[in-house]
Amino acid sequence: MTTKSADPQPSSSTDALRPSSPKARKESLDGGGSGVEPDKDSGVVEAGESFTEEEERAVVRKIDLAILPMICLVFFLQYLDKQSLSYASVFGLITDLNMTSSQYSWCSSIFYIGQLVSEFPFMYLMSRLHLSKFVGGTVIVWGIVCMCLAAPQGFAGFAAVRFLLGFAEGAVSPAFVTLTSVFYRKQEHAVRTAIWITMNGLAQVIGCLLMYGVAKNTSLSLAPWRTMFLICGAMTSAAGVLFTLLMPTGPRDAWFLTARERHVLSLRMVRDREGGDKTSFSVAQLQEALLDPKAWFVFWFGILVTMQSPVLTFASLVIKSLGYTSYQTILYTAPSGAVQVLLLWLGVAACVALPRNRALVAMALVIPPLVGTVFLMKLDTSAGWGMIVASWLASCITAPWSVLLSLTASNVKGNTKRSVVNALFFIGYCVGCIASPQLWTDSPRYFSGVVCGIVTWCTLFVAIAAYRFVCARDNNVRDAAAKATIGTESGESAAAAVVSQTTVLDETGAAKVDLTDLGDREFRYSI
């Protein structure tokens, strides 16, 4: 299939899908008025087709019940797997493998080196293969590799397996941003992204309790940390099998929807000018992504939001250095996950209340972890609970991260371009996660790492403000062009005025046209 980079006419037919009258809504509900039967899948969306709000709510509810839980399960297991290194350090990993503090830091960094290496081939493969099958296969492999972490007897072997583990996990997060943008409309992105990112905090709470339970079981023949890796890996491989079998590639194979509901899902995607999950790679879209300043903002978001990530891994060591036992350390680390979830959903509430100001919400969410990091630097180790609470606040990176990912899902179009931009975010993410642990080697205060955290939180605040300015400026330019060309009050009215063509669907049930956000002049960026 040839990817089109600028052909606004086919995509502009989508605003005709809006129910404009009671008669139109009734015809849509009955399957009439458009020549499309409600009891069979169609390869074409006719100009003027519509659906009712009740139909749309039913489709979204089924997507929430079928697709979202699978994404949440895999993301939960990914974060549980990442945090298992922190739990293992408290229960003998460092002493059993005779690691130095520097070697332990490299065990954290080398995971992200593997993930960084994987982003480049996965960037291509995610645009060439259907995401559900490709990601499902990588999840199965990642689970097997995770179980292998129980085997090494020294630093070299453990580090090698950690590298392979990072490589296997490289597709998951970028793919989930894409799946969110494919199956949900722009105004739904913030809440749905927050739901699956909530699994980070939930995994931290449950992971601490799981490690506590495993360590308390004195009948185990293996060390507690080895048992923990076996449990995490087995659960992950099982989840990968379910994901491969149950996750659809598009409306056509959405097994949980009726024929009419699958067509309504296609209508929703066309109405948002969403091209879906295609199996083509466009060099033109690759070039556009690399030359788009907004794409490089996304890359820097990935770096800046994760330069503080070591606080998640090292928080347990900070707490243990205050004189608490291993069991107390695990229990006192657990609430940080709950604090992350609380701040995350305060951010979601703000996004719902201020849907046109998501960037401002992200800027506000930078402040609590910044405050926590400042307290980590200023408080004395004798502060006890003050240091513990500061580590909880400093760990709250998921709240701004969630909003930034939802903006990425909303603001990038085009199959290849979306794969590239999502990969850029996670390349930046990996760079931050590789570099930052090397600053967290001077225990127990980790002064260099804490200072780096303060600087990068402040820089992220400025970067988000600049990104919002650039997106708002581009929207204003497009609105002005629409008014000049069509002579209407807004871009929305302009789009409706030129609707005249049908939209052909591809084999997955999504629109066959594959416009990018730059090529679709009716597209408006979320800010």
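For Ser102 and Phe447, a Förster radius of 22 Å and the Cβ-Cβ distance give a FRET efficiency of 0.85, rounded to the nearest 0.05. The alpha carbon gyration tensor of the stretch 346-410 gives principal lengths a ≥ b ≥ c with a/c of 1.5 or higher and a/b greater than b/c, which makes the shape prolate. For the stretch 371-461, the share of accessible area belonging to carbon and sulfur comes to 71 percent (1.4 Å probe, ligands and nucleic acids excluded). Here, P(r) means the percent of Cα pairs in each 10 Å bin from 0 to the largest distance; for the stretch 149-211 it is 17, 29, 34, 15, 5.
Remark: the Asp380-Glu54 segment gains 111.6 nm on full extension, using 0.36 nm per residue and subtracting the alpha carbon distance. Asp64 contributes about 40 Å² of solvent-accessible surface, heavy atoms of the protein only, 1.4 Å probe.
The distance separating the Cα centre of the stretch 104-118 from that of the stretch 162-205 comes to 19 Å.
Our note on the geometry: Cα centres of the stretch 371-412 and the stretch 230-249, 30 Å apart. Whole-Hz Karplus values for the stretch 221-228 come out as 7, 9, 4, x, 5, 5, 4, 4 Hz, taken residue by residue from phi with 6.51 cos²θ - 1.76 cosθ + 1.60 and θ = phi - 60°; glycine and proline positions read x. Taking the stretch 139-175 and a reference point 7 angstrom along Cα→Cβ of Asp253, the backbone N atoms nearer than 17 Å belong to 139-140. Decide, for the stretch 186-255, between rounded, prolate and oblate: order the square roots of the alpha carbon gyration tensor eigenvalues as a ≥ b ≥ c, take rounded if a/c falls under 1.5, and otherwise choose prolate if a/b is larger than b/c, else oblate. Oblate, since a/c reaches 1.5 and b/c is not below a/b. Each label was represented as a point 7 Å from its Cα along the Cα-to-Cβ direction; for Ser280 and Phe120 these points are 2.7 nm apart.
Sorting 404-417, 93-106 by their mean Cβ neighbour count within 10 Å, with the most densely packed peptide first, gives 404-417, 93-106. Measuring r between the beta carbons of Ser221 and Lys483 and using R0 = 51 Å, the FRET efficiency lands at 0.10. Does the stretch 320-382 classify as rounded, prolate or oblate by the C-alpha gyration tensor (a ≥ b ≥ c root eigenvalues; a/c under 1.5 gives rounded; else a/b over b/c gives prolate, otherwise oblate)? In terms of gyration-tensor shape, oblate.
Over the stretch 79-137, what portion of Cα pair distances is larger than 18 Å, expressed as a whole percent? When all Cα pairs of the stretch 79-137 are counted, 51 percent exceed 18 Å. Placing a pseudo-label 7 Å from each Cα along the Cα-to-Cβ vector at Ile144 and Ala160 gives an inter-label distance of 1.7 nm.
For the stretch 50-63, the Karplus equation 6.51 cos²θ - 1.76 cosθ + 1.60, evaluated at θ = phi - 60°, returns couplings of 8, 8, 8, 4, 5, 4, 5, 4, 5, 5, 4, 4, 5, 4 Hz by residue, with Gly and Pro reported as x. Spin-label pair Asn357-Val371: with each label point 7 Å from Cα along the Cα-Cβ axis, the two points sit 1.9 nm from one another.
The values are calculated or read from the model by the stated rules, or taken from the named source; none is laboratory data. Keep in mind that this is a model prediction, so the values were computed, not measured. All Cβ positions, glycine included, derive from the backbone under ideal geometry; neighbour counts span all protein chains shown. Side chains included, ligands, DNA and RNA excluded: accessible areas come from the protein's heavy atoms. Shrake-Rupley method; radii C 1.70, N 1.55, O 1.52, S 1.80 Å.
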